[in-house]
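Let me begin by presenting the structure, written as structure tokens, before commenting on it.
The values are calculated or read from the model by the stated rules, or taken from the named source; none is laboratory data. Not measured: the values here are computed from a predicted model. For neighbour counting, all protein chains shown are included, and Cβ atoms are generated from backbone atoms with ideal geometry for every residue, glycine included.
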Amino acid sequence: MRHTLPHAPQFYVTAPQPCPYLHGRAERKLFTALQGENAAELNNALSRQGFRRSQNVLYRPSCESCVACMSARIRVADFQPSRTQRRVAARSGALRRLATSAWATEEQFDLFRHYLDSRHADGGMADMDIFEFAAMIEETPVKTRVIEYRCAAGEPGRIAPGDDRLAAVCLTDVLDDGLSLVYSFYDPGLQAMSLGSYIILDHIEIARAAGLPYVYLGYWVPGSRKMDYKARFNALEIYKNGAWQDIGSPADHSSEAHPLSVDPIVEQVARIALPQFDR
């Protein structure tokens, strides 16, 4: 179904599909195309309203039975790592960061396939081939970087300086107010290093050095064990009821999985604030 605002992008709603986060529920997405000379401006504006980018599409969950998926971001200036997170950073001290343009490589794809086969063999990306992977990386109309993390090819689960094995990758959008982690993956053989958490910690430092106030983490879902790790980062905000707010206690958001919390799709679209495009 199409929904249109005057002098604005057109919004569409996907058909319901099984929810990957909450068992027995269905997910539905509200989305619009991201293209043309106003792409960056639209990406900035909608990212501040809980949308995420996938290639040349911006989307936000718009499910019929709950509003549990909430966009999450970290306030860089207020973030202080926990003792556990400091240990994660120390264990990964020999990693070498390399920021490149949004260009896919066979080495990245091999790591991506290894990651999926080990961690998400039954997920929605399980059947992606190298051409679809390249599209995920390269089809971007906005400022995007591929952040590689490289390490030694030594003993499994450990690293040493000097070698050049690809350990982790993050596809990152550069917004006007922060960094948005579009998708990340890593060597499952290095699970003990908590590379998923390390990627977030390192992006906080990148944003801090660049003077950017936020790191956008994607969606946090109360009740989903897959998403629990995001709530372990302090200075975390969630986009709820049309505004960013401190997450507080994660348990306080369990009611968002109730079907009566869902507003009609027309009202959701009407509340979207769009930049003023030249006509």
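Overview of results
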quantity	calculated
Lone unmet requirement of (1) within 17 Å of residue 50 (Cα to Cα); (2) assigned to a helix (DSSP H, G or I); (3) among the small types (Gly, Ala, Ser) for residue 218	(2)
Cβ pairs under 6 Å, 6+ apart, first in region 167-190 and closer than 20 Å to residue 57 by Cβ and touching a residue at least 12 places away in the same chain (Cβ under 8 Å), second surrounded by fewer than 21 Cβ atoms within 10 Å (Cβ to Cβ) and of a type in the set (D, E, K, R)	172/145; 174/143
Pair list, Cβ < 9 Å and 6+ apart or interchain, from region 27-50 residues that are in contact (Cβ under 8 Å) with a residue 40 or more places away in the chain to residues that are among the acidic types (Asp, Glu) and part of a loop (DSSP other than H, G, I, E, B)	38/278; 40/176; 41/176; 44/176; 44/177; 47/177; 48/177
Some residue of region 225-241 being assigned to a loop (DSSP other than H, G, I, E, B), modelled with pLDDT under 90 and out of contact with any strand residue (DSSP E or B) (no Cβ under 8 Å at 6 or more places or on another chain)	yes
Qualifying residue in region 44-58 (condition: among the aliphatic types (A, V, I, L, M), surrounded by 19 or more Cβ atoms within 10 Å (Cβ to Cβ) and within 19 Å of residue 254 (Cα to Cα))	no
Residue tally, condition under 16 Å from the mean Cα position of the chain (by Cα) and either in a helix (DSSP H, G or I) or among the polar types (S, T, N, Q) (or both), over region 46-75	7
So residue 254, is it assigned to a helix (DSSP H, G or I), polar (S, T, N, Q) and under 28 Å from residue 91 (Cα atoms)	no
Elements of type strands (runs of 3 or more DSSP E) contained in region 110-206, each with 3 or more residues being modelled with pLDDT of 90 or more and out of contact with any helix residue (DSSP H, G or I) (no Cβ under 8 Å at 6 or more places or on another chain)	144-151
Unmet requirement for residue 24, which otherwise passes all of (1) touching a residue at least 40 places away in the same chain (Cβ under 8 Å); (2) surrounded by fewer than 17 Cβ atoms within 10 Å (Cβ to Cβ)	(1)
Single unsatisfied condition, residue 86 versus (1) more than 16 Å from the chain's Cα centre (by Cα); (2) surrounded by 20 or more Cβ atoms within 10 Å (Cβ to Cβ)	(2)
